[in-house]
1. What whole-number value in cubic angstrom gives the convex hull volume per residue for the C-alpha atoms of the range A:45-119?
2. Amide H to amide H under 5 Å from B:Leu260: which residues, 5+ apart in sequence or cross-chain, H placed 1.01 Å off N in plane?
3. Projected area of the range B:88-139, taken from the Cα convex hull and averaged over every viewing direction, in nm²?
4. If one takes the longest principal axis of the Cα atoms in chain B, at what angle in degrees, from 0 to 90 and to the nearest 10, does the Cα axis of helix B:164-177 lie?
5. Let's see if you can work this out: charge +1 on each Lys and Arg Cβ, -1 on each Asp and Glu Cβ, no other charges. What is the dipole magnitude of the protein assembly as shown about its Cα centre, in debye to the nearest 20?
6. For chain B, what is the calculated [θ] at 222 nm in deg cm²/dmol (nearest 500), taking -39500 (n - 2.57) for each run of four or more DSSP H residues and dividing by its residue count?
7. Work out how far the C-alpha atoms of the range B:1-150 reach from end to end along every principal axis, then list the three figures in whole Å, largest first.
8. Using a 4.7 Å Cβ cut-off, which Cys residues in chain A lack a partner cysteine?
Amino acid sequence: MYKAIGFLCILAGCAGWGSSLARQEKERVRHLRILFQTMGRMRSEISYGKHTMPEICLLLAELNDKCYSECFERIYKRTAGENGTDFPKVWEEELGNCLDRLPLREDEKRTVTELAGSMRFREGNGQAGRVGQAETFLEGRYRQAEETCENRSKMIHSVSILTGLLLAILLL
Amino acid sequence: MRAEEILGLFPEENRDRWRGVAKLAKRLQEIRIRAGMPLTVLADNRERFVDRQGELVDRQEDAARPEAEELENMLGHLCRYSIYAFADEIRQGFLTVQGGHRVGLAGQVILDEEGRIRNMKYIRYLNIRIAHQIRGAADPLMPHLFAEGRVRSTLLISPPGGGKTTMLRDIIRQVSDGTAYGAGVNVSVVDERSEIAGSYLGVAQNDVGIRTDILDGCPKVEGMMRLIRSMAPQVLAVDEVGSFADVQALQMAGGCGCKLLATIHGGSVEEVRKKDYMRYVMEQGLFERYVMMDRRHGAGRITGIYDGEGKLCTKQ
C-alpha cells in the first residue's frame, strides 16, 4: 500500500517538475513576443511619431502585462520630470530588475537593457534602425522558441514521466 | 524662475557645479558653454566665470573649461536622450527646453546635395538664454490697443533686442485673458521659432493666455493660413514679419476679419515704410496702431504710438 502511494507520489512529483519546465518554456515564448512587439512599437514611435524616449516609455506603459507596464511607467516618472535622471542609467536599472526574474536567456536580456547605451543617433531613421536590430534579434529568437516550444514541451513531459517511473522503480 | 529649473538643464553628474549659478536664477540671463573655453554666465548684464567648484569668479584663469564630451552629454540630456526627436530644431540651430529657455547651438553643419543644412555635428558651443516672462510689460500699451472693446491691429517696431517679442507675448496674454478695456478673445499664434510661447514638447512654457492656440515651429505664411482655416481666430499674432510672402499672408488674414498683432525690425515708422514689402500694407491701413520701441533706456521702452496713417498719437 505504502509502496503504491510512494510510487504515485514520485511519479506526480516528476510530472509536476516536467510541466513546470514546460510552462517556463511557454513563458519564455510569451515574453519574447512581448519584447519584440515592444521594440516594434518603439521603432515606429521613433520614426513616425518622433517622440522622445521618456514619452515612448509612457506609451509602452499601456502594455497589458503588468510587469512591463509598471517598469515603463517608473522609467517615465524618473526621467521625464524637470530634474529627470539620466535615461540610459534608469532604463538599464529598471529593465534589468524587471527582466531579471523572467525565464529569458542572458543575451536576450542584454539586447534589451543595453539598448539605452546607443541612443545618440541624430536622425530618426538611424535611431529606429538601431531599435530595429534589437527587434529583429528578439523576433528571431521568438520564432525559433515558438517552433520548438511544442515539441520541447512534449519531450519534457515524456522525459519527466519516464524519469519518475525510473526513480520509482529504483527507489522502491 | 526657480533654482531647480536651472539645475534641471544639466545632466545629473554635473549639477553640483551649477548650484552656485542656479541660486542666481532670477537674475540670470545667459549661460555660455564652449568646449575648452571658460564657462561664462551673464547675470544683471554682468559677465562672470564659473570655477570647478561652481563658484562665480571674475578671473577667466580660474574658470572651469568643459570638455567636448561634457557638451555632448549635455546635448543628450537637453534632448531627453532623444536627439533624433529634436533634429529639426538642431538643424535651425536652437532648441527650446523645459521652462521655455532657448539653447543656441553651434558646431559643424552637415549639408545635403543641394547645399541645404541637413544636420549639425561636433556641437561645441551652447548658449542657454534664460527665459524671463515679464507679466505686465504691455500694461502701458493696453489702453491704446482697444477701441470700443475690440482689439486694434497693431505692429510693434523696434531694432533687434528692443523687447518686441516680450511685449508681443504680454499683449497676447492680456488680449486672450481679457482686460478692463475688452473681453478675452480667441488668439492664434504662429510661433515659427518657439520664441513667443516657448513651447516644449507641444506645451507652452510661457503664459500666453487661456484662449490662445499655438502653432509651434511652423513657417509663418503656411501657419497663418492653416490657423485661419482650422482655429477661427479673432486675433492672429506673428513675430518678425520680414518678407512679401509674410505681408501677403497678413493681408489675407486681415481680409478674413482677423485682427493682427505683429512685430518687425526697424528704427522708426518711416524706416519701416521704406521697406518694399511694407509700403503697400501701410498705405492700405492694414494696421491701426504702430508702436515704436527702442532699447536705449532699457529693452521694452515704448517711445511712441502712431495711428494707421503713421501720425503720432502718444509720445512716451
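The values are calculated or read from the model by the stated rules, or taken from the named source; none is laboratory data. Quick caveat: nothing in here was measured; it's all calculated off a predicted structure. Cβ: placed from backbone, ideal geometry, glycine included. Neighbour counts: every protein chain shown. Note: areas computed on protein heavy atoms with side chains; ligands, DNA, RNA excluded. Shrake-Rupley method; radii C 1.70, N 1.55, O 1.52, S 1.80 Å.
1. Values: hull volume 7.0 nm³, N = 75.
Expressed per residue, the convex hull around the Cα atoms of the range A:45-119 is 93 Å³.
2. The answer is B:Ser153, B:Thr154, B:Leu236.
3. Average projection, Cα convex hull of the range B:88-139: 4.8 nm².
4. So the helix axis and the longest Cα principal axis differ by about 60 degrees.
5. Charge dipole of the protein assembly as shown: 320 debye, to the nearest 20.
6. -7000 deg cm²/dmol
7. Projected onto its principal axes, the Cα set of the range B:1-150 covers 59, 46, 24 Å.
8. A:Cys9, A:Cys14, A:Cys57, A:Cys67, A:Cys149
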